[in-house]
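Here the structure is laid out as structure tokens; the discussion comes afterwards.
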């Protein structure tokens, strides 16, 4: 073994770090794991070994995500396999998500939680439909119980945001959801939530990471052997958990009876994921005429009917469009595997369907919900400053303009819904502190009626009106601390029915918004860099922006750069924005772009933002065409520039 590794290292077949990690894992693994590595070495699968071992999988601030199935599967990993093509064992590798890294993360989380509470350590666990999701959920629960805690799991797949709600509802110290969201089928993830129901942030995140880094592989191997011998029965939620969450989802509606006055016909597909479990019965309960894409209702980890299970990609709607033509569908919905992202498609009046971007859907919901709050008397000039609209910096500035018109605070956060969840926790804590200062008892926040919470927040803190991010995520309730496609489906249906009752379409509503605020459009450039060499290229690009920022792109001159890793930035509440390798760049034509490394996929992401006034001399059709042409030029320039920076020595 050592001779093969040394020879591969000497002739350049293996990266130094890959050889080191491979040797360390081989030493501590059970026999089937040793046999898997030996087979890859004997077959000279150097690329596979480099990708599996080029780094140690990091437990990031929100968890971890990586491959679970290699391109080359050794016989011991494949084992008996399963009906859906899942190997018997998740892929061996220090950089991959497998039983051993799951065990290390669970041990680390338990040890940190033990420093935060003297009482019983309750953990809530959910999982999606991916390869190994149920298995990872099971071993997480057994390890937690083995360590002395009490784990409660769902009896089948559930959405990420139901996990978020359930952590709060059942007063758990933390929550785990096993999911890789919209990633390719071979990936999976381990997402950590804390007792506030939001993804873990500071000061907790770095402490959990410290415990993870201090947990050796051998300890993971030992506890996995232990749970294989000891019987620790897993506790499962009963139907009450779903009932409670459904009630929370329904609280997002202003008027649940509108669907009787304004019937709508929709087509819904969960794209083989968890989106049907809660949404389908709620659609029926509300008398919404829902038609489903039956071939995509099966929970299949291969996602066999689509190239990618990401609803951002319009080809995901191919089967939904067929179904809509059969049943006269007026509005299409597609959700991703863990049911937190949702995209919509609509007929454009020319016999075809078009997809609204996440930015545009968020803007429509923001305008609709703020206008309805104003009509209902919730929002007025006196209390507007105590309303908050939450979004990320890379979400359309059109939404900032909408918030500004209604006089509400628009809070921009770093990318990722965990930062929105953190702000919601801030507002809850401010309320409780104010009540304590007035010598009033704290409220049972989760179980307090929404109207009562709203009144108290407007009086003592800040009321969350709506939130979202460009990547097709929306939230209407502060009792859920992550984007919620179940609730978003109902909110969009209500908006659609309300407009239909007024004789308007979503396209009419969109055009009204453009006429009011100007034309806004956005696009993205995603550049993928796979494996060990790819990680280096992404790092090169980000480092070069900090050390050698651009002064121009072609004939577009840079007028301003905000470096979030160096500049001191505060939100409207005066809270500092955490440092991050993230850049916002303004150009002299009024456009803006942002860039960051993806936290979940091997790519660097560029976000391009454009806006222009609409007038009789410059109608939407003309402005949109000109904008698209300019953004295409910018994408090409950014791609070339990124390629040059990626090669930096």
| note | So the strands (runs of 3 or more DSSP E) completely within the stretch 539-644 holding 2 or more residues that are in contact (Cβ under 8 Å) with a residue 60 or more places away in the chain and over 24 Å from the mean Cα position of the chain (by Cα) are 603-612
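Yes/no matrix, rows are residues, columns are (1) under 30 Å from residue 604 (Cβ atoms); (2) surrounded by 23 or more Cβ atoms within 10 Å (Cβ to Cβ); (3) touching a helix residue (DSSP H, G or I) at 6+ places or on another chain (Cβ under 8 Å):
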| site | (1), (2), (3) |
| --- | --- |
| 370 | no, yes, yes |
| 386 | no, no, yes |
| 415 | yes, no, no |
| 435 | no, no, yes |
| 452 | no, no, no |
| 455 | no, no, no |
| 474 | yes, yes, yes |
| query | Which of the residues spanning the stretch 221-254 are surrounded by 13 or more Cβ atoms within 10 Å (Cβ to Cβ) and closer than 30 Å to residue 506 by Cα? | reply | 245, 246, 248, 249, 250, 251, 252, 253, 254
| message | Looking at the stretch 516-532 only, could you name the residues that are exposed (fewer than 14 other Cβ atoms within 10 Å of the Cβ) and over 24 Å from the mean Cα position of the chain (by Cα)? | response | 516
| note | Checked the stretch 183-201 for anything closer than 17 Å to residue 173 by Cβ and part of a loop (DSSP other than H, G, I, E, B); matches are 195, 196, 197, 198, 200, 201
| task | Determine, yes or no, whether residue 605 is under 16 Å from residue 523 (Cβ atoms), surrounded by 14 or more Cβ atoms within 10 Å (Cβ to Cβ) and either assigned by TED's automatic domain parsing to the domain that holds residue 537 or at pLDDT 95 or above (or both). | result | yes
| Within the stretch 269-290, can you find the residues that are surrounded by fewer than 19 Cβ atoms within 10 Å (Cβ to Cβ) and under 19 Å from residue 326 (Cβ atoms)? | 280, 289
| Residues of the stretch 129-157 satisfying the condition of being within 18 Å of residue 183 (Cβ to Cβ) and touching a strand residue (DSSP E or B) at 6+ places or on another chain (Cβ under 7 Å) | 130, 131, 132, 133, 134, 136, 137, 157
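Looking at 39, 58, 24, 3, which one is in a loop (DSSP other than H, G, I, E, B) and out of contact with any helix residue (DSSP H, G or I) (no Cβ under 6 Å at 6 or more places or on another chain)? Reasoning before the result, please.
Details: 39 fails: in a loop (DSSP other than H, G, I, E, B); 24 fails: in a loop (DSSP other than H, G, I, E, B); 3 fails: in a loop (DSSP other than H, G, I, E, B).
Of 39, 58, 24, 3, the one residue that is in a loop (DSSP other than H, G, I, E, B) and out of contact with any helix residue (DSSP H, G or I) (no Cβ under 6 Å at 6 or more places or on another chain) is 58.
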| Residue in the stretch 318-327 that is under 30 Å from residue 134 (Cα atoms) and touching a residue at least 40 places away in the same chain (Cβ under 8 Å) present | yes
| task | Evaluate the following for residue 460: is it in contact with a helix residue (DSSP H, G or I) (Cβ under 8 Å, 6 or more places away or on another chain), farther than 20 Å from residue 569 by Cα, free of Cβ contacts under 8 Å to residues at least 60 places away in the same chain and outside the structural domain of residue 163 (by TED's automatic domain parsing)? | result | yes
| Taking residue 101 and the conditions (1) farther than 19 Å from residue 222 by Cα; (2) out of contact with any helix residue (DSSP H, G or I) (no Cβ under 6 Å at 6 or more places or on another chain); (3) in contact (Cβ under 8 Å) with a residue 12 or more places away in the chain; (4) part of a helix (DSSP H, G or I), which numbered condition does it fall short on, given that it satisfies the others? | (1)
| query | Only one of (1) within 20 Å of residue 631 (Cβ to Cβ); (2) at pLDDT below 90 is not met by residue 596, so which one is it? | reply | (2)
| said: Of the residues 125, 152, 69, only one is under 26 Å from the mean Cα position of the chain (by Cα), touching a residue at least 24 places away in the same chain (Cβ under 8 Å) and assigned to a loop (DSSP other than H, G, I, E, B); which? | reply: 69
| task | Kindly provide the set of residues from the stretch 293-316 that are crowded, with 20+ Cβ neighbours inside 10 Å and outside any loop (DSSP other than H, G, I, E, B), ordered by number. | result | 296, 316
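The values are calculated or read from the model by the stated rules, or taken from the named source; none is laboratory data. Not measured: the values here are computed from a predicted model. All Cβ positions, glycine included, derive from the backbone under ideal geometry; neighbour counts span all protein chains shown.
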